[in-house]
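For reference, the structure is listed below as structure tokens.
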Amino acid sequence: MQLHAETLTKSYHQHEVVNIEKVTFGAKGVEGLIGPNGAGKSTLMGLLTRRIAPTSGTIKLDTDKGSTALNPLRSHEVARIGLIKTNQRIQGFDSLTIRDSLRLAATAPSDEGIGSIFGGKRDTDEIEDQVATYLEAFPFSDRNGHARSGGEKKLVDILRCLIARPRLLLMDEPTAGLPDDITRIVMDMVRAKVAAGEMRVVVVEHDLPLIWEYCDYVHFLSEGSILFEGEPDEVKSNRVVAEKYMGV
Ligand SMILES: Nc1ncnc2c1ncn2[C@@H]1O[C@H](COP(=O)(O)OP(=O)(O)OP(=O)(O)O)[C@@H](O)[C@H]1O
Ligand SMILES: [Mg+2]
């Protein structure tokens with residue numbers, strides 16, 4: 001599954017925050033999207049998943065079944081064809097227990113647009129098994145209760161996205177607010193799913209060591225535009241990336 005955006009722009013009050021000539025995501029296993037605060041990374045992910053309406057430009061998704069223009073779709077329809085995003089900031093979740101929010105994400109399209117139509121239907125036993133497997137992988141304070149800390153809410157958001165079986169998962173700062181050991185379990189889980197051919201991933205992160213370790217390819221965004229792309233080593237040693245982001 002490859003996601004292509006062309007001449008994609010977004011302006012707020014005449015101020016252009018995204019202006020991308022051309023970019024493709026999903027061509028490699030794990031891709032990074034890095035750039036300074038305010039570069040437009042979250043806005044770009046919002047545009048790609050149709051949560052934010054573009055000012056101009058086209059977005060399309062190519063799969064083995066053909067090409068789908070995303071512009072006319074709503075975000076829940078985009079989710080249903082397998083393009084799902086985690087959130088940088090977490091709100092809500094307070095009404096459901098951790099276990100129930102995972103069950104819901106595995107069964108039905110929700111308000112946040114997480115669907116599970118693709119990848120075949122799962123019966124109740126299968127869903128219970130999968131929910132249990134995810135819950136056992138992490139030290140929640142109370143698996144049958146509600147997410148308590150910000151970190152637990154963030155983790156539940158990520159797990160809801162994973163259990164919905166995305167084909168392309170966009171992760172907006174997955175490590176922010178999570179302890180290092182939990183981040184590692186999440187990223188290893190993500191990498192294993194990518195290696196098994198179940199999905200591809202784009203990660204937005206300020207934690208550069210994590211980007212260099214997990215990514216096969218990295219896009220550098222600055223002031224709304226992709227200024228450089230390449231393998232981690234190329235990006236790490238690129239002069240423009242160093243000047244604009246790494247404070248060298
Ligand atoms: N709803 C909005 N209305 C007005 N301006 C906005 C809105 N959303 C984002 N912006 C502006 O767009 C720019 C890009 O913001 P965005 O959140 O996409 O950056 P980012 O790269 O994700 O930054 P960070 O690394 O801090 O998360 C910023 O200048 C921000 O203030
Ligand atoms: Mg952001």
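Is it fair to say Ile34 is modelled with pLDDT of 95 or more, under 15 Å from Ile226 (Cβ atoms) and over 15 Å from the mean Cα position of the chain (by Cα)? It is false that Ile34 is modelled with pLDDT of 95 or more, under 15 Å from Ile226 (Cβ atoms) and over 15 Å from the mean Cα position of the chain (by Cα). Listed by position, the strands (runs of 3 or more DSSP E) inside the range 195-248 whose residues that are on the phi < 0 side of the Ramachandran plot and without any contact (Cβ under 8 Å) to a residue 40 or more places away in the chain number at least 2 are 225-230. The residue of the range 225-241 that is farthest from the chain's Cα centre (by Cα), among those that are farther than 21 Å from Val18 by Cα and surrounded by fewer than 19 Cβ atoms within 10 Å (Cβ to Cβ), is Arg239. Checking each residue in the range 169-218 for being away from ligand 2 (no atom under 16 Å from the Cβ) and among the hydroxyl-bearing types (Ser, Thr, Tyr) picks out Thr183, Tyr214, Tyr217. Only a single item in (1) aliphatic (A, V, I, L, M); (2) under 14 Å from Asp100 (Cβ atoms); (3) touching a residue at least 60 places away in the same chain (Cβ under 8 Å) is not met by Ala147, and it is number (3).
Only one entry in Thr43, Thr24 is modelled with pLDDT of 95 or more, on the phi < 0 side of the Ramachandran plot and within 13 Å of ligand 1 (Cβ to nearest atom), namely Thr43.
In the range 1-20, the qualifying residues are those that are closer than 14 Å to Ile226 by Cα and of a type in the set (A, V, I, L, M), and the one that is surrounded by the fewest Cβ atoms within 10 Å (Cβ to Cβ) is Val17. Of the strands (runs of 3 or more DSSP E) that lie entirely inside the range 10-108, those containing 3 or more residues that are under 28 Å from Asp233 (Cα atoms) and not charged (D, E, K, R) span 15-25, 30-34.
Selection within the range 21-50: residues that are of a type in the set (Lys, Arg) and surrounded by 17 or more Cβ atoms within 10 Å (Cβ to Cβ). The member of this set that is nearest to ligand 2 (Cβ to nearest atom) is Lys41.
Taking the range 198-224 as the range and being crowded, with 17+ Cβ neighbours inside 10 Å and within 18 Å of Glu21 (Cα to Cα) as the test, the residues that pass are Val218, His219, Phe220, Leu221, Ser222, Gly224.
So, in the range 152-190, how many residues would count as being away from ligand 1 (no atom under 16 Å from the Cβ), assigned to a helix (DSSP H, G or I) and surrounded by 17 or more Cβ atoms within 10 Å (Cβ to Cβ)? Total meeting the criteria: 15.
Within the range 54-103, the residues that satisfy the criterion of being small (Gly, Ala, Ser) and surrounded by fewer than 16 Cβ atoms within 10 Å (Cβ to Cβ) are Ser56, Gly66, Ser67, Ala69, Gly92, Ser95.
The values are calculated or read from the model by the stated rules, or taken from the named source; none is laboratory data. Every value quoted in this text rests on a predicted model; they were computed, and no experiment measured them. Positions of Cβ are backbone-derived with ideal geometry, glycine not excepted, and every protein chain shown enters the neighbour counts.
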